[in-house]
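Engineer: A single structure is presented below for examination.
Any read-out appearing in this document is the output of simple, stated calculations on the displayed coordinates, not a laboratory observation. Predicted model only: the values in this text are computed from it and were never measured.
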């Protein structure tokens with residue numbers, strides 16, 4: 001998730017965005033509904049493709065977890081590997097920082 005600066009959030013889809021704030025935990029059914037966001041501790045994430053166990057995580061263009069690279073904003077660490085897009089894996093989430 002990312003903070004839009006106007007009291008609203010949306011799905012983070014830019015791996016270099018400093019507005020990244022955490023991992024969405026629920027599915028609000030309508031605009032204006034409350035979202036639960038994990039920003040510290042264990043969570044589950046949806047992989048955007050292959051994810052390496054132990055890798056630092058960022059988001060891809062679809063807002064899914066991906067292995068981070070130089071210059072990316074990192075939000076957590078993969079606690080298990082993912083072999084395909086859409087696979088749910090455990091992660092340790094922490095406050096985002098630039099790699």
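Engineer: Working from the pairwise distances between different alpha carbons, so that the mean of 1/r is found and then inverted, what is the chain's Kirkwood radius in Å?
Structural biologist: Hydrodynamic radius (Kirkwood, Cα only) of the chain equals 13.2 Å.
Engineer: Which residue fluctuates the most in the chain, going by a Gaussian network model with Cα springs under 10 Å, if the choices are 54, 76, 63?
Structural biologist: Between 54, 76, 63, it is 54 that shows the largest mean-square fluctuation.
Engineer: Could you work out the relative contact order of the chain? I mean the mean sequence separation of Cα pairs under 8 Å and 6+ apart, divided by the number of residues, in percent.
Structural biologist: Reported as a whole number, the value is 29 percent.
Engineer: Most fluctuating residue of 34, 80, 65 in a GNM of the chain with Cα springs under 10 Å: which is it?
Structural biologist: 34
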